[in-house]
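A short worksheet on the structure shown next.
Each reported figure results from applying straightforward, stated rules to the coordinates on display, with no laboratory input. All values derive from a computational prediction rather than experimental measurement. All Cβ positions, even for glycine, are placed from backbone atoms using ideal geometry, and neighbour counts span all protein chains on display.
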Amino acid sequence: MSDRSSTASGHGHQETRICFCGLPCPLRTSSSKDNPGRCYVGCPKFKDGTATHCKFFDWIDDPVNDRIRAMLSELKTKNKLLEDQLRHKDIVESRLYFLLIAICGLCLALCSMLMYVIFEVPQGIDRRRLPF
Ligand SMILES: [Zn+2]
């Protein structure tokens, strides 16, 4: 299928491929189970889903063998697990930070009240009746 498409020089080492609609095709990376991480080009209208598009599609990379596919799948699973753990850690950390701020505020309020009672008890209040 790529034999019928034309090419135009682009920046970088890779030439920009032109689809049958005459549009430059962006380089994309597959995330499918069969071709994880494999680069390809295709009609840019295909991803829109709204417009009619041509059938231009071409793989850039060679097919991934089974061993590499299994390794990529395992790494993807581990990466997702680590991202979940990191997200959970961030949530716990933000809650602990909020708790620390609340405890500091409470301590400051208690110290202020204590200082007020010790040094500035207004006239008419019997200090012996205070709970502390
Ligand atoms: Zn096209």
*Assign unit charges at the C-beta atoms only (+1 for Lys and Arg, -1 for Asp and Glu), then state the dipole size of the range 21-123 relative to its Cα centre in Debye, rounded to the nearest 20.*
420
*If amide H atoms are built 1.01 Å from N in the plane of the peptide, which residues on other chains or at least 5 residues away come under 5 Å of the amide H of Thr16?*
Ala8, Gly10
_Can you return the lysines within cross-link range of Lys89? Criterion is Cα-Cα under 24 Å, with same-chain partners fewer than 8 residues away left out._
Lys76, Lys78, Lys80
*Just going by the charge dipole of the range 31-107, with Lys and Arg at +1 and Asp and Glu at -1 on Cβ, which of Leu106, Ile68, Phe46 is farthest out on the positive end?*
Leu106
*For the range 77-83, Karplus couplings with θ = phi - 60° (6.51, -1.76, 1.60), whole Hz, Gly/Pro x*: 5, 5, 4, 5, 4, 5, 5
